[in-house]
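Values in this text are rule-based calculations from the coordinates and carry no lab data. Quick caveat, the model's predicted, so the values are computed rather than measured. Neighbour counts run over all protein chains shown; Cβ positions are idealised from the backbone, glycine included.
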Amino acid sequence: MYKLELEELRRWIAKNNIRKVLVQAPFGLRSLIPEISKYLEEMNVEMVVSTSNTWGGCDLAVNEVLKLGLDGLIHMGHSAMLQTYEVPVFHLECRFSDGIPMEDIVERLAKLIDRGKRIGLAATIQYLDYLNILIEEFKKIGLTPITGSGGAKTRYRGQITGCDYTSIWRIIDKVDNILVVGSMFHGIGAAMTVDKPVYVFDPELNRIRETGIEVREILKRRYAWIEVFKNLKKLGVIVGTKIGQRKIGLAKMIKNILKEHGKEAHLVTIDDLTEECLSNMPYEGYVNTACPRLSIEDQIRFKVPLLLPSETLIAVGKVKWEDIIYSPRYLLV
Ligand code: SF4
């Protein structure tokens with residue numbers, strides 16, 4: 001089901017003289033580890049498997065490599081987000097390669113997407129290979145498919161992650177609607193930041209969905225949390241410690257803005273956000289500068305607001321709600 005880029009891996013091992021390596025995989029790809037293990041054994045490379053969670057390309061077990069004195073990290077399921085790392089890292093992207101009949105998908109999509117002919121296409125790294133097939137199929141039925149180049153955290157044309165939709169933002173003025181190939185999670189993230197209809201095709205579930213209703217519900221809840229936040233005085237500004245979530249400059253800026261608006265604010269660190277992390281803390285609410293999706297998807301687990309930086313600016317009256325929603329500023333500030 002997944003393509004493993006083993007030839008490239010072999011070259012990386014040879015170039016970096018890797019003898020002992022850490023392998024890190026997200027939950028959905030852990031079943032591939034025995035296959036990697038066999039390959040590494042053949043190359044006389046000792047493997048250690050990381051059990052730490054990884055939710056994105058921001059979340060690499062570089063510290064484990066350093067602590068164990070290993071030669072490098074094989075990180076599965078995500079593409080590179082940073083230019084350099086403290087240790088050699090190989091991103092085994094594991095693109096999905098199951099032969100899904102695209103003609104059928106395109107027919108179903110064409111019935112659904114009746115609001116214009118120009119369709120913006122984007123996909124998560126696992127489904128990126130589907131984009132070229134979809135482009136050809138859409139052209140055959142008279143639609144105009146468009147993809148955009150990637151951004152700071154996305155290396156490929158048409159690629160998106162849960163927090164970087166640059167490839168969509170770059171083309172949004174040229175399309176009538178957007179099709180995300182990936183999960184509803186990615187579709188919702190896109191839909192919160194653009195003012196065009198966003199559809200999701202999930203190849204694993206073979207399901208097509210529109211995101212509008214869910215996004216409107218999420219935004220209603222976010223608005224309510226902003227209102228709660230306005231009356232709070234003691235606040236924590238969360239700084240992520242994961243390698244791709246360390247935005248200390250942004251956290252300090254937010255802390256200063258809160259202080260200017262008469263609030264007490266401290267910087268607090270988060271690795272994986274759990275209920276325990278925030279328990280017994282002397283704060284009534286938080287601003288989250290780590291993974292933005294913690295505020296969207298994980299807010300439900302907490303009794304206090306976890307505002308995004310953009311939402312915080314709304315709460316203190318520096319920007320307007322209507323200028324932020326359905327725009328990239330929701331995630332970017
Ligand atoms: S910061 Fe969050 S949304 Fe962005 S890549 Fe990491 S886990 Fe995904």
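Odds and ends about this structure:
- Given charges at beta-carbon only (K, R positive; D, E negative), |dipole| of the chain in Debye: 1100
- Cα-based shape type of the chain, given that a ≥ b ≥ c are square roots of the gyration tensor eigenvalues and the cut on a/c is 1.5: oblate
- The residue among ILE270, THR51, GLY69 whose Cα reaches farthest toward the positive pole of the charge dipole of the chain, with charges on the beta-carbon of Lys, Arg, Asp and Glu, is ILE270.
- Over 30 Å apart at the Cα level, from the set LYS174/LYS320; LYS140/LYS196; LYS15/LYS38; LYS196/LYS234; LYS38/LYS247; LYS252/LYS320, are LYS196/LYS234; LYS38/LYS247.
- Cα gyration tensor category, rounded, prolate or oblate, for region 129-212 with a/c compared to 1.5: rounded
- Top positive-direction residue, dipole computed over the chain with Cβ charges, set ILE178, THR84, ILE248: ILE248
- Label reach from LEU112 (point 7 Å along Cα→C-beta): in region 165-195, amide nitrogens under 19 Å belong to 168, 175-195.
- Whole-Å distance, taken between Cα centres, linking region 305-333 and region 156-225: 18
- Sequence-distant contacts, meaning Cα pairs under 8 Å at least 6 residues apart, place the relative contact order of the chain at 12 percent.
- Estimated dipole of region 202-333 in Debye, rounded to 20 [Cβ of Lys and Arg +1, of Asp and Glu -1, Cα centre]: 500
- Fully extending the segment from ARG11 to GLU264, taken as 0.36 nm per residue of separation minus the present Cα-Cα distance, adds 85.8 nm.
- Shape of region 2-96, Cα gyration tensor, a/c cut at 1.5: rounded
- Residue-averaged [θ]222 nm for the chain, counting only DSSP H segments that reach four residues, each worth -39500 (n - 2.57): -9500 deg cm²/dmol
- Under 5 Å, built H, 5+ apart or other chain: amide partners of VAL89: LEU73
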